[in-house]
1. Taking a cut-off of 20 Å between Cα atoms, list the lysines near Lys296, but don't count ones fewer than 8 places away on the same chain.
2. Label point 7 Å out from Arg13 along Cα-to-Cβ: which residues of segment 70-94 have amide N under 11 Å?
3. Out of the GluC sites (Glu not before Pro) in segment 154-254, which ones are loop residues according to DSSP with at most 14 other C-beta atoms within 10 Å?
4. Once the other residues with Cβ under 13 Å from the Cβ of Glu228 are scored (Lys, Arg +1; Asp, Glu -1), what is the net sum?
5. Between Asn173 and Ser370, what is the spin-label point distance in nm, taking each point 7 Å from the Cα along the Cα→C-beta axis?
6. So what's the net charge close to Val327: Lys and Arg +1, Asp and Glu -1, counting the other residues with Cβ under 12 Å from its Cβ?
7. Assign unit charges at the C-beta atoms only (+1 for Lys and Arg, -1 for Asp and Glu), then state the dipole size of segment 6-92 relative to its Cα centre in Debye, rounded to the nearest 20.
8. With charges set only on the Cβ (+1 for Lys and Arg, -1 for Asp and Glu), what does the dipole of the chain come to about its Cα centre, in debye to the nearest 20?
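Nothing in this text is a laboratory measurement; each read-out follows from the coordinates by a stated rule. What you see is a predicted model; the values in this text were computed from it and never measured. Positions of Cβ are generated from backbone atoms using ideal geometry, with glycine treated the same way; all protein chains shown enter the neighbour counts.
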Amino acid sequence: MEFNELFYLDPYRKESDAVVISCESSGKGYTIVFDDTVFYPEGGGQPADRGVLRLADGTEIRVTDVRSDASDRVLHCTDTPLVPGTKVHQVIDWDFRFSLMQNHSGEHIVSGLIKKNFGYENVGFHMSDVITIDISGELSWEQAMDIERKANAVVWSDIPVNITFPDGESLENTDYRSKKELSGRVRLVGIENTDLCACCGLHVRRTGEIGIIKLLSLINYKGGVRIEMVCGEKALMDYEAKLDSNTEIKNLLSVKPHEVTGAVKHILDESAEKSARIARLNSRYFDLRVNELKEKDGIIIAREDLLDGTELRKLCEKLKASKKASVSVCLLPLPAEEPSFRYVIASTDLDLKSLAPALNKALNGRGGGSKEMIQGSFLSSYDEICEKIREILRS
Ligand SMILES: [Zn+2]
């Protein structure tokens, strides 16, 4: 690669006049090559630029993707063809590009500092809404936070990001990151006392433009760690989103911002206590119900309005275990326009699995289970359910 395109000569150039050299149909749309371009093609972990091509009559053609081919030509993908010789005005989405430059440059600082402090390599790099970097060795969150502090010190020292093209002997004697698979001129991106890396991406002029570097998470990954991070405007947006969320939670809990964690822990403790108390009350309630429910022709039917599905099943298990009846039926009304009930049916001696189809058919139901217990729902009235169950299970 020769690095002579406009976007390399001046990464801050937002627009430029250009002439169409070729335009080819490519499946869905067209790929256009210009005499020069401000559009950065996807590469080196950095996504392609977005933007438009403005024609002489003012119409704009959207550039849907930018790629480079094997001979380093930059291909601009569009939905509209352009005749070779056509003059256009290229305009990139500068906010999108600058954010990528901030994030990409910040990633160099973090990767360089990890290499310098721990000797680990950046072995994988991806940029989208957040940057992910895969590091070849393990780091603790505390170590990562130390790197973050050092990285932001580099940002605030506002030092230059230097692009150089050393060759021959001087390149041989230079220690830099990402030495692998390089052909043509080697482009080194250097930040003093921090990082030196071969890279074909676009970067800010000075570290101060990165604004802020924030690491978001760290997980163990393939023998090392994967770090998520954001820089510049994306870091600000992340802060805003988290502040909004924290504010909403603190308002819901009526506490001060720094009291949110304590308040949530308190609610969780309280909730666990309530669950334990409900379980104790249920257990007592089940005993009382087992005592008071009467069997008729070997069948007990219990209509329960206060239980949930799990509790209904527990009551049914208790009824079965009491052996007061051959069949125990527990019904829970469901919130629906037409009368419908969740059912759990248990038996000590009948094969309920083989009886389930007949019950479901008679009562607009669905569900099934084992020989000893079936559960599901009936779309029928309570009286109808009682009548049919007695009819079917008695026969
Ligand atoms: Zn880079």
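1. Lys318, Lys320, Lys323, Lys324, Lys388
2. Only 90 fall inside the zone, counting backbone N under 11 Å.
3. Here the sparse-neighbourhood loop sites are Glu181, Glu192.
4. So the surrounding residues net to -2.
5. About 8.0 nm separates the two model spin labels.
6. Result for the local shell: +1.
7. With only Lys, Arg, Asp and Glu charged at Cβ, the dipole is about 140 debye.
8. Once rounded to the nearest 20, the dipole reads 2140 debye.
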